[in-house]
1. Please determine whether any residue of the stretch 140-148 is at pLDDT 95 or above, part of a loop (DSSP other than H, G, I, E, B), touching a strand residue (DSSP E or B) at 6+ places or on another chain (Cβ under 6 Å) and surrounded by 15 or more Cβ atoms within 10 Å (Cβ to Cβ).
2. Residue under question is Gly286, and the condition is that it be in the same structural domain as Thr264 (by TED's automatic domain parsing), assigned to a loop (DSSP other than H, G, I, E, B) and either crowded, with 24+ Cβ neighbours inside 10 Å or more than 15 Å from the chain's Cα centre (by Cα) (or both); does it hold?
3. Looking only at the stretch 48-82, count every residue that is at pLDDT below 95 and acidic (Asp, Glu) and tell me the total.
4. Name the single residue that is nearest to Ala333 (Cα to Cα) among those in the stretch 345-364 being touching a residue at least 24 places away in the same chain (Cβ under 8 Å) and small (Gly, Ala, Ser).
5. What about Gly221, is it at positive phi and at pLDDT 95 or above?
6. Pick from Leu180, Leu147, Leu209, Leu186: which is within 21 Å of Val259 (Cβ to Cβ) and touching a Leu at 6+ places or on another chain (Cβ under 6 Å)?
7. Name the residue, out of Ile380, Ile293, that is modelled with pLDDT of 95 or more, not assigned by TED's automatic domain parsing to the domain that holds Arg278 and not in a loop (DSSP other than H, G, I, E, B).
8. So which of Ala362, Ala316, Ala354 ends up being surrounded by fewer than 23 Cβ atoms within 10 Å (Cβ to Cβ), on the phi > 0 side of the Ramachandran plot and either at pLDDT 95 or above or not aromatic (Phe, Trp, Tyr) (or both)?
Amino acid sequence: MSLVPVQEALERLLTGAHRLGAESLPLADCADRILAETLHAQRTQPPFNASAMDGFAVRAADTDKPGARLRVVGAAPAGHPFDGTVGEGEAVRILTGAPVPEGADSVLIQENARMIEDGVIEVLEPVDPGRNVRPRGLDFLEGELLLGNGRRLDPAALSLAAAANHERLQVVARPLVAILATGDELRPPGSEPGPGQIVSSNAYGVAALARAAGARTLDLGIAPDERHAIAAAVDRAVSAQADVIVTLGGASVGDHDLVHDVLTAKGAAMDFWKIAMRPGKPLMAGRLGTRRILGLPGNPVASLVCSHVFLKPLLARLAGRDERPDIRPGVLAEPVPANDHRQDYLRATINEEAGRLVATPAPIQDSSMLRILADARALIIRPPHAPPARDGEPCRLLMLR
């Protein structure tokens, strides 16, 4: 099979991937979720003419005479409306958010009033009608459309839903990603690897990336290079109704790379398993029924780079998120050589100079070196057959953080 270009592989992976169904959640659990309904106001806000300031509810006409004095006939703290009427020459002490009493048409702020005797204030500065009053329905009216289907429930949107008196919301379900590491050589962190064995690391980074993208994760553990063990793990993923099955390792073509064979034996339709990308050539994609399969390379750096390029967009599509890769223009701090037929993703540190992102590629790009990836803030994208580039030349950066 010839190598599939990166963009074509991504398009094929995303073809037919649609937003998942909805679930109803309490408002407190909806932060950063995607709204799966149109949201209308269930009340009017504010539900009455409300004071915007602490002061006195008055009739504006009574304040336009120099040295005007008004008799304070009551009080209206927030939550406790004054149930009388403000008449000529009268005022009601009022606090922010309280209903403006009948008869009053403005609020004289407390800084512009002076108490001259018990129950009498002197007006220091007149007010215009409507001043410091929030009219009923200023924010929204009952039945008004407030939030559209597909809106991310950021803090402002969540507060708006609460103000509109919604206790629960319909939100897009979070994708469930089942993650399986494969290989006889892998041991879990904290264990004592035997001869020829290494500590399994990929699953933790991939799971963290998936959760940051809004997914739930299911750890299927480590399967040895045995068909029945891999098959049992796939069955667990299917039983858990995983939306995406991610395998780590076993996607190459070799005597012990069994993942492809096991999946096809279970009825999976595999689309491709080699892409023109570095790191990440042995990447596999397909479907098992309605669920997606993404076989990531066993190499630690390659699996995480491929997760940024492929897994994040897939999860965004399933979660209904309109998110694009964070690709920005930059310039090279050092020259880079010509590229071959595979698209390169070079780990790089970033400095900001004169408003530009200046990228310094790591001197060693070996795809087993996680420390370099942890230090990198971006990946320099080098397209296939790119000519040599000198320092100062423009480049494209896939930002990692």
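The values are calculated or read from the model by the stated rules, or taken from the named source; none is laboratory data. Keep in mind it's a predicted model, so treat the numbers as computed, not measured. Cβ placement follows ideal geometry from the backbone for every residue including glycine, while neighbour counts extend to all protein chains displayed.
1. Scanning the stretch 140-148 turns up no residue that is at pLDDT 95 or above, part of a loop (DSSP other than H, G, I, E, B), touching a strand residue (DSSP E or B) at 6+ places or on another chain (Cβ under 6 Å) and surrounded by 15 or more Cβ atoms within 10 Å (Cβ to Cβ).
2. no
3. The qualifying residues number 1.
4. Of all residues in the stretch 345-364, those touching a residue at least 24 places away in the same chain (Cβ under 8 Å) come to 345-350, 356-361.
Cutting the leftovers down to small (Gly, Ala, Ser) gives us 348, 359.
Details: Ala348: 10, Ala359: 6 Å.
Looking at residues that are touching a residue at least 24 places away in the same chain (Cβ under 8 Å) and small (Gly, Ala, Ser), I get Ala359.
5. yes
6. Leu180
7. Criteria check complete, one pass: Ile380.
8. Details: Ala362 fails: on the phi > 0 side of the Ramachandran plot; Ala316 fails: on the phi > 0 side of the Ramachandran plot.
Within the list Ala362, Ala316, Ala354, the selection yields Ala354.
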